[in-house]
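> Handing you a structure now.
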Ligand code: 1QQ
């Protein structure tokens, strides 16, 4: 499986080398919607090939998130190489599947291989915050920049160190917005909280929800817990529903979120179900079907955006893969372009130079998730939006920034 994927990527890369030079001088505006074409000169000192790694849970229950991540990264690399963004140099990726391993040892082994054996310039991933807590320290020890694409747990950059950056904002930044925006949309006086107490991401989601609810003077009717792999939530939900809350807040990963949603509806709960990042996967909707109606979740990307860059990303991805991209694909695509931009701006494949460029160069980077910058904690800043599941799809019900700033593409 991995061999097939690598072969495929290699042939994509090789096929593109030939066309890269021809297109390097292209001034086609559509092609240059994304990238720091003006901000940083075309690099001249890079090796023929610059290698990066991707660690993602492409198989198993976490593939809800990891599979679209791989697709987003592969598409970004194809664009980067075809457009000559790195001059004569080709960016290639070694993909490692951390396979939803609940012990996280697959993620640790993957980051070890990439940083110690393959000598990659930088690593993208891993998918879960829990995987990142376990595996990113290996990149830190090997002084290799590592960009989390979907890690929302609290304090990850501070815990791992200066080589860790992330392309997804922490729950402590997204959830206050989610709760605030949901209030404008649904009457929330008393709310129940259901959360996984054995995962770094769901625990951070729990903390962020509690803080946001208390800040908004919303009464918490009850708190209930579960663990990864659980399938029967009827005991917790029966208690929760008996209090007649206005909404249920859920900090869960997708595999558990689907039965939570369907069992809550079976028990007669018809109100909003407000989720953290785990509920951003479209698999929630295909899994819970009509029961998903009324799920509210904060995010950064929506395929309906009319921003030209976002619209082009959405159309190209849909055409290439035959399915609509989700937030996880959009962050992965953006993350790959950001690594390429750090390499371009540093004019170096050297790890420290790329790390420094990530820290100093990435400001107002126009992307499918809006204008993207890193703050002083190496956490990202970009506009947020609230979406609700209506008629079997995510629909934007509020956005923080109607028109994300577009960088000058001339
Ligand atoms: C995390 C997450 C998950 C919901 C998706 C990967 O955000 O583990 O931090």
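Read-outs: derived from the displayed coordinates by stated rules, not from any lab. All figures in this text were calculated on a predicted structure; none of them were measured in a lab. Reconstructed Cβ throughout: ideal geometry from the backbone, glycine too, with neighbour counts over all protein chains shown.
> Taking the beta-carbon count within 10 Å as an exposure proxy, list 48, 141 from fewest neighbours to most.
Details: 48 8, 141 14.
Ascending number of Cβ neighbours within 10 Å: 48, 141.
> Helix 129-141 versus the longest principal axis of the chain: what angle, 0 to 90°, nearest 10, using Cα atoms?
Roughly 30 degrees, rounded to the nearest 10.
> Could you line up 164, 301, 177, 65 from fewest to most neighbouring Cβ atoms inside 10 Å? Intermediate results must be reported in sequence, preceding the final value.
On the way: 164 23, 301 26, 177 18, 65 29.
Ascending number of Cβ neighbours within 10 Å: 177, 164, 301, 65.
> Once each part is reduced to its C-alpha centroid, what is the distance from the stretch 62-108 to the stretch 218-267 in angstrom?
Here the answer is 34 Å between Cα centres.
> Taking the chain as a Gaussian network, where each spring joins two C-alpha atoms under 10 Å apart, which residue of 188, 168, 358 fluctuates the most?
Of the options given, 188 has the highest mean-square fluctuation.
> Could you work out the relative contact order of the chain, using alpha carbon pairs under 8 angstrom and six or more residues apart, expressed as a whole percent? It would help to have the intermediate numbers written out before the result.
Numbers: 875 pairs, mean separation 72.7, N = 410.
Relative contact order of the chain: 18 percent.
> Taking 0.36 nm per residue of separation and subtracting the Cα-Cα distance, what length does fully extending residue 246 through residue 390 add? Walk me through the intermediate numbers first.
Numbers: separation 144, 0.36 × 144 = 51.84 nm, distance 1.83 nm.
Roughly 50.0 nm would be gained on extension.
> Turning to a different aspect of this structure: Tell me, how many Å apart are the Cα centres for the stretch 350-372 and for the stretch 195-217?
29
> Considering Cα pairs under 8 angstrom that are at least six residues apart, work out the relative contact order of the stretch 330-398 and quote it in whole percent. If you can, show how the numbers build up before the last one.
Values: 73 pairs, mean separation 13.5, N = 69.
It comes to 19 percent, rounded to a whole number.
> So how compact is the stretch 229-341: Cα radius of gyration and Dmax in angstrom?
Expressed in Å, the Cα Rg and Dmax of the stretch 229-341 come to 16.6, 53.
> Another question, if that's okay. How long is the chain along each principal axis, judged by its Cα atoms, biggest number first, in Å?
66, 42, 38
> For a label point 7 Å from the Cα of residue 230 along Cα→C-beta, name the residues of the stretch 51-86 whose backbone N is under 20 Å from it.
61-62
> Return the FRET efficiency for the residue pair residue 321, residue 190: r is the Cβ-Cβ distance, R0 is 41 Å, and the value is rounded to the nearest 0.05.
Values: r = 42 Å, r/R0 = 1.04.
For residue 321 and residue 190, the calculated efficiency is 0.45.
> Show that you can apply the helix-only estimate: for the chain, add -39,500 (n - 2.57) for every DSSP H stretch of four or more residues, divide by all residues, and state [θ] at 222 nm to the nearest 500.
On the way: 13 runs with 171 residues, N = 410.
Result for the chain, helices only: -13500 deg cm²/dmol.
> Further question on the same structure: Report the full-extension gain for the segment residue 400 to residue 214: residue separation times 0.36 nm, less the Cα-Cα distance, to one decimal in nm. Could you put the intermediate results ahead of the total?
Details: separation 186, 0.36 × 186 = 66.96 nm, distance 2.20 nm.
Contour length minus the Cα-Cα distance gives 64.8 nm.
> Evaluated at 4 °C with a viscosity of 1.567 mPa s, what Stokes-Einstein diffusion coefficient in µm²/s does the stretch 172-299 have when Rh comes from the Kirkwood expression over alpha-carbon pairs?
Working: Rh = 14.0 Å.
My calculation gives 92 µm²/s for D.
> What spacing in nm lies between the two simple spin-label points modelled at residue 158 and residue 45, each 7 Å away from Cα in the Cβ direction?
With each label point 7 Å from Cα toward Cβ, the separation is 3.6 nm.
> R0 = 45 Å: FRET efficiency of residue 311 with residue 113, Cβ-based, nearest 0.05?
0.75
> Output the antiparallel fraction of DSSP beta bridges having both residues in the chain, as a percent to the nearest 5. Write down the numbers at each step before the final one.
Working: 13 of 47 bridges.
Restricted to the chain, the bridges split so that about 30 percent are antiparallel.
> A follow-up question, please. Order of 378, 166 from fewest to most other C-beta atoms within 10 Å? Don't skip to the answer; put the middle values down first.
Values: 378 23, 166 27.
Ascending Cβ contact count within 10 Å gives the list 378, 166.
> While we're looking at this one, here's another question. Would you mind checking the tilt of helix 327-346 against the longest principal axis of the Cα atoms of the chain, expressed as 0 to 90 degrees and rounded to 10?
With both axes taken from Cα atoms, the answer is about 30 degrees.
> Okay, moving on. With contacts defined as alpha carbon pairs under 8 Å and 6 or more residues apart, what's the relative contact order of the stretch 75-122 in percent? Before the final figure, lay out the partial values.
Working: 20 pairs, mean separation 10.4, N = 48.
Normalised by residue count, the contact order of the stretch 75-122 is 22 percent.
> Taking the 0 to 90 degree range and rounding to the nearest ten, how far is the long axis of helix 254-266 tilted relative to the main principal axis of the chain, both from C-alpha atoms?
Helix 254-266 and the main axis of the chain meet at about 30 degrees.
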